[in-house]
Each structure stands twice: as structure tokens, then as C-alpha cells.
1. Among 376-385, 233-242, how do they line up from the highest to the lowest mean number of other beta-carbon atoms within 10 Å?
2. What is the calculated FRET efficiency for residue 65 to residue 431, with r their C-beta to C-beta distance and R₀ = 56 Å, to the nearest 0.05?
3. Set the Förster radius R0 to 35 Å, insert the Cβ-Cβ distance between residue 164 and residue 225 as r into 1/(1 + (r/R0)^6), and round the FRET efficiency to 0.05.
4. Kindly put 415, 7 in sequence by how many other C-beta atoms sit within 10 Å of each C-beta, fewest to most.
5. Could you give the angle, 0 to 90 degrees to the nearest 10, between helix 431-451's Cα long axis and the longest principal axis of the Cα atoms of the chain?
6. Can you tell me the relative contact order of the range 138-186? Whole percent, Cα pairs under 8 Å, sequence separation 6 or more.
7. So how do 336, 308 line up by other beta-carbon neighbours within 10 Å, fewest first?
8. Only residues of the range 290-305 count here: report those whose backbone N is under 19 Å from the spot 7 Å along Cα→Cβ of residue 331, or say none.
């Protein structure tokens, strides 16, 4: 019996990277491949990492997971280690794994997480076809691919430019202050590492993006034209998204009981609830939580709010303890708002919530996974970016796509209660809010279309397989 063609996927260990990479693996399974997901050793693991992998292994036996052994001389201080720094030390283990694995498998390609550019050294040595999977949007990719060019022609740091607009090919003007925090200082070691990483992305055979053509048409056209990498070959770009997790099946550590927040939503009128949730790492100071609570109460809107404990000394990386709501929120807030609001500690089944008929708007940190979950559910967004590339996403969602409205003050010390109240009322009660919600519903239809038989993302996948896995012929 002939071996099935296999694709090897290599994500970094952050949940925001692992989850979409596993969704990509499922996509290959649907096209009659086997998928092997290789997990690098990392001293940092999100609490839901192991349950997530166990869940996927149980429901998708064609996806196998392979844990690399720890590198020699592992970093002693896990809190000080960044995802980017964990790639190079794992290269010898990856080389060893791939060398032995390919002897018994028909490996057609290795797909590296875009953070894993250093692993190109391994796949080049083994002469394996290599693609990058960019788990954020095409617009972000266009910016990041052009960054090495911009870096080489500028002698000033972004951090010195304030809100001065940066001009990237095919993109709306981006305030310099909205570039990711590690890029603010051009002499920053982390920034230099990222520039080197972006500089290596065009060395791949192809780049797969978790987006779809109709959602980011201008960015996709810009990427394909090659203007983001002047003087270099631009690899083929394939939009294969939106790849959105089925949270109810894969992430939750649930034993069949329905979460209380969904039962609560069942009792609310259609489209009446604002959902506030800020990703697996987003958290606020006590003062900011109090401002949000006051704004929610004054807005008189129905709400479902996921609250995390304020950040501890270890920062964003390590998991937060369960929040003490009585200590964090204004006195009597929970009692006064219990008829029209619900506060959930730390986690909610976000995909299920966004797809619930009662939800009419989403206050989000603009992480790409959350953005796509909102798009596929047809829910209007209020953008409150916190870290990483989220401020870039805010610019694209608000200024270019008109699918979000900004929560003003996100780039200053504090978002006020007044602003929270005003934005929630605007989304739920104004004509402009109604138009925003209608655009969100229209984009939901385009997202569904892209994933359907004959849709742009499905055709992208078929083209990728025909061009880049040419030995593999569809029956």
C-alpha cells in the first residue's frame, strides 16, 4: 500500500501560533495528506497547551504530534526567554527528527511558523521543500516583508517619530507609534532579530497566509506584485483562511456541560449583547478594570465581559491566577448589573459566544485569531489593541476595511469610562453602528464563500498542492 503524502508542520509554542497551525494541518488532512506537527522544546507553556494537543490527537488521528527533546544547555530563566529565541537552540533536534522521520514517510514539504525562520538552515541542509505559514494577516505580512528595506534606508528609530505616518507599499499610512513595541528602538537586539527573520521569509518556496483574498484584496495584490521585497524573488502567496478553531470541540476542557455564559446568552434578545474579551494574554490594571466597569454600567447595554487578573511581575507570558472580582470591580457593580450583564473569570468559549445570536458587538484586542473569529461570525468590532502587531491590525480594520471602530485612549495611559460608555452606545444605538454591523455581516458571507468548494481559499489550496507538491496528484 502506497504511503500517504505527508506534510510536516513546525509551530512555535505560543497558543496564538499553535492553534491556527493545527487548523492548517486539518486542511491538509482534508486534501488527503497526513500531517506531523513537531513541537519544539520550550520552558514556557500555556495551561491549555497539553489539553489542546490531547483533544486534537483524540479527534484527528491523522495528525501526529512529535515532541523534540530539550536542547543541550537550555535557558535557565524561562520568563526571560522569548518565543523567537527558542528556535535556533532546537535546530539540532529538528534536524535529527526530520532526518529519521523522512526515511519512513513520504514528506512532501515542511511548513514553518513564520517565527521559525532560523529553521530554514535545517530544511535547506536536508533539501526539503519549505513553506512559511503566516498566522496573521496579509496586511501585516506586507509591512513586515518591507521592514528590512525600510530599516536599511532609515537612520532614526520609530520610537522617535511619534505618530508620524510610515508609508509602506499598498498600505494605508501607519503611525510610527503603532509598530510593535519591540520595533520602537532600532538598536534593540529583539528588533534586529526580527528584521533578520523578516529578511529570511522570501527564501521559502511559498508563503501560506491565514486570510482570504476578498478580506485583504489590496494587501494580497501588493504582496504578489513583489514591491515589498525590492530586488528579490517573491515566493508564491496562498491565502488559505480564514482558519478558525472550533472551540467547543478542541480547546475547552469540558465534559459535555454547556458553559453558564452560553445559557445566559440564550435568554438575551437577538444582537443585544456586547462581548468584551482580550485574548489569552490580555489583562488590565485595577484602575482600568474599574473604568471599564463604570462605562459598562453607565452605557445601560447588555454585556458579557471576560475578566483576567491584572498582570503580575512575570508579565504577559505566565498564566494569570483567577481574578477576585469583588476586589477588582467597583463595589456593588456585579449586583447592580446582574440583570443585564455577566462577568466571566479568565476564559469563555469565544467562538461559541461570537456565533451566538444574542451577541451584537465585540470589544477586542485585535489579535488575528480573534479578528478572524469575529469576521466569520459577522460581528462588528470595537478595537482596543494591546501588544504585538495588534495596533497594526487596528489601523487596517478601522481605516482600511471599515469593520471596526477604535476605543479611543488605547494608546494612552487609560481608556476612560466615558469612552467605554460612548462607544458601546454608538455601536448598539447609532446609524453608524448599524452600518458597521451590516458590513460585518456582509464580510461573514465573503469568508464563508472563500472556504466553500470553488471559493478563493479552497482554490488556493488546490493550486498550492498542484504547484508545490507536484509529485502528488489528486485522484
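Laboratory data are not the source of any read-out in this text; all were calculated from the coordinates shown. Since we're looking at a predicted model, the values are computed, not measured. Ideal geometry is used to build each Cβ from the backbone, glycine not excepted, and the neighbour counts take in all protein chains shown.
1. The peptides rank, most packed first, as 376-385, 233-242.
2. With a Förster radius of 56 Å, E is 0.65.
3. Details: r = 26 Å, r/R0 = 0.74.
E(calc), rounded to 0.05, equals 0.85.
4. On the way: 415 21, 7 25.
The fewest-first ordering by Cβ neighbours comes to 415, 7.
5. 30 degrees
6. RCO, the range 138-186: 38 percent.
7. Working: 336 13, 308 23.
The most exposed by this proxy come first: 336, 308.
8. Residues 290-295, 297-298 fall inside that zone.
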